[in-house]
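Working notes, beginning with the structure itself.
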Amino acid sequence: MPARLSRPTDGGQQGRTLLVASTGGHLEQLWRLRGRLRPALGDVEWATFDEAQSRSLLAGETVHHVPYIPPRGYGAVVRVIPEARRILHDGHFDRVVSTGSGIALAFLPVARALGIRTHYIESAARAEGPSLTGRIISRVPGTQTYSQYPRWADERWQYRGSLFDGYDAVEERPVTTAGRVVVTLGTMKTYGFRRGLEAVCRALPQVLAPDAEVLWQVGVTDASGLPIRARVDVPAAELHAAIGEADLVVAHAGIGSCLTALDAGRCPVVLPRRQEHGEHVDNHQELIAHELDRRGLAVRRLPGELTAQDLRAAMARRVQAAVAPQTFVLGAV
């Protein structure tokens, strides 16, 4: 292995950390985990894609933007590796921490080749086992890997807690109408979710107040012919503020959208995308939806099942921060 390029730490200094994540749910998770990671990360920089979400969420941070890597975009991974090598070489980092997805394949193996400590935290979306990215990264010698579910942790995958442990559900009084609504389908550039959008258009009018305001963030989903004012992207700060004021949040079951709603104290209605309908690369959104529904933190429905009663049930529930969320301790390499 080549001589390590990162700077040595001394005393209480924690050195330099590069946080690496694809935009969307992976970035949302790492952004939230940052404050729970121990030991302290020291000076932090980020590597991600240049999108509205990353520009808003990471405003004021040092960010290295690399070309977009789509799901299963292995050719794009190869093209990003030279840029990853340059960032890692010039940054003199002591550790790299990633929550995936494809961008992790470009950075973590290169970091290990340079002698930099590496940590991969599997997404909270993966309730039954690691993703394909996780399985590949777990084979990189010296990389520490972590599961957010104790039931599939083993000698290779350590359990150090879950993002969802930070939330509790609280039942409130019944609510019949919504004055402010946010519908968000995430920032995916590859897959639309027309079924989900049509389902919301059918059920939502039954619970809207006469002067209701609805924010429709639909990504690449085709909204033609639907009676809505669709927006492709909404800056993270604007979306977070709208969700914080909303009576009702309806979202695809992407981890980023769900976490944004939970942070705002909202119990979202979540509609999982399905691979067989060409809405995602696999059915991991079903795992997210089931886990949140099991914890009482969301109302899960398939698009064809969604009713006004489901919307009212979500409006009658609130989410609050857990008293003492678990610290996420990074293992030694």
Whole-Hz Karplus ³J(HN,Hα) for region 175-182, in order, using 6.51 cos²θ - 1.76 cosθ + 1.60 and θ = phi - 60°, x for Gly and Pro? 10, 10, 10, 10, x, 9, 9, 10
Under a point spin-label approximation (7 Å from Cα along Cα-to-Cβ), what is the ALA153-ARG294 distance to one decimal in nm? 1.6
How big is the charge dipole of the chain about its Cα centre, in debye rounded to the nearest 20, if each Lys and Arg gets +1 on its Cβ and each Asp and Glu gets -1 on its Cβ? 700
Under the rule of -39500 (n - 2.57) per DSSP H run of 4 or more residues, summed and divided by the residues of the chain, what mean residue ellipticity at 222 nm is obtained, to the nearest 500 deg cm²/dmol? -8500 deg cm²/dmol
Please work out how much length the chain gains when fully extended from SER138 to ALA332, using 0.36 nm per residue of separation minus the C-alpha to C-alpha distance, in nm with one decimal. 68.3 nm
Quick one: length gained pulling ALA322 to VAL170 fully straight, 0.36 nm per residue minus the C-alpha distance? 53.6 nm
Once each part is reduced to its C-alpha centroid, what is the distance from region 77-152 to region 275-328 in angstrom? 27
Can you give the local net charge around ASN283? Use residues other than it whose beta-carbon is closer than 12 angstrom to its beta-carbon, Lys and Arg +1, Asp and Glu -1. -2
Is there a quick way to get the dipole size of region 16-160? I mean about its Cα centre, with the Cβ of Lys and Arg at +1 and of Asp and Glu at -1; what is the value in debye to the nearest 20? 340
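Each value in this text was obtained by applying a stated rule to the coordinates, not by laboratory testing. Computed from a predicted structure; not experimentally measured. FYI the Cβ positions are ideal-geometry reconstructions off the backbone, even for glycines, and counts take in every protein chain you see.
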